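Undergrad: Here you go, one structure.
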Amino acid sequence: MPVLKNAKVVGAPFSNKNDIVRVIYDFSVDGGQIEDNTVFTADGVVLVKCIGAYVHVAPVGTGATIDLGKGASGVQFISTEAITSFTLNAFYASESANFITLADGEVINMGVATAALTAGKLEFIFEICQA
């Protein structure tokens, strides 16, 4: 499974502190193949909530969809959304306001499906806290 060039490893913050983690998918760096791309990997047990995605460059790809969630084909945060929903300079809110638990070594993936992307730059914003 490919890993985004800007992917992170996240661990549980100290005590009651929550962390905001931003990870960028950039077609010019990461490509746009039909596949799951690791956004970040948990280093220890953490709780994760996706705040949403900011669109720096609108994704392009006839019929392409994007999903975002836990593991392969995860859809907890974005469930198979047509790329036409991601418009330039817009903020796409996560479909869930809930935290999910990641065990040590588990990943959050961004999936590209149906058709490959030929452009796009999305900044995913997450809140991470201790489990």
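Undergrad: Restricting attention to segment 1-109, which chymotrypsin sites (Phe, Trp or Tyr not before Pro) occupy a DSSP loop and are surrounded by at most 11 other Cβ atoms within 10 Å? Numbers along the way, then the final one.
TA: On the way: sites: 14, 25, 27, 40, 54, 77, 86, 91, 92, 99; in loops: 14, 77, 86, 99.
In loop regions of segment 1-109 (DSSP not H, G, I, E or B), the sparsely surrounded chymotrypsin sites (Phe, Trp or Tyr not before Pro) are 14.
Undergrad: In the chain, what percentage of the DSSP-assigned beta bridges are antiparallel, given to the nearest 5?
TA: 90 percent
Undergrad: Here are several values of Rg and Dmax of the Cα atoms in Å: (1) 13.3, 37; (2) 15.1, 46; (3) 13.8, 46. Which one was derived from the coordinates shown?
TA: Checked against the structure: label (3).
Undergrad: Turning to a different aspect of this structure: For the chain, what does the accessible surface come to per residue with a 1.4 Å probe? Please give it in Å². It would help to have the intermediate numbers written out before the result.
TA: Details: 6030 Å² over 131 residues.
About 46 Å² of surface per residue is accessible.
Undergrad: Can you compute the helix-only [θ] at 222 nm over the chain? Use -39500 (n - 2.57) per DSSP H run of at least 4 residues, normalise by all residues, nearest 500 deg cm²/dmol. Working shown, then result.
TA: Working: 1 runs with 4 residues, N = 131.
That comes out to -500 deg cm²/dmol.
Undergrad: Now a separate question. With all protein chains present, how much of the accessible area of the chain (probe radius 1.4 Å) comes from carbon and sulfur, to the nearest whole percent? Could the numbers behind the result be given before it?
TA: On the way: 3290 of 6030 Å².
Result for the chain: 55 percent of the exposed heavy-atom area is carbon or sulfur.
Undergrad: For the chain, what is the charge dipole size about the Cα centre, in debye to the nearest 20, if Lys and Arg each add +1 at the Cβ and Asp and Glu each add -1 at the Cβ?
TA: Details: 7 positive and 13 negative charges, 46 e Å.
In total the dipole reaches around 220 debye.
Undergrad: Going through segment 1-102, which trypsin sites (Lys or Arg not before Pro) have at most 15 other Cβ atoms within 10 Å and a DSSP loop state? Could you put the intermediate results ahead of the total?
TA: Working: sites: 5, 8, 17, 22, 49, 70; in loops: 17.
Those that pass, being in a loop and sparsely packed, are 17.
The values are calculated or read from the model by the stated rules, or taken from the named source; none is laboratory data. The structure displayed is predicted, hence computed values, not measured ones. As a convention, Cβ positions derive from the backbone with ideal geometry for all residues, glycine included, and neighbour counts pool all protein chains shown. Side chains included, ligands, DNA and RNA excluded: accessible areas come from the protein's heavy atoms. Shrake-Rupley method; radii C 1.70, N 1.55, O 1.52, S 1.80 Å.
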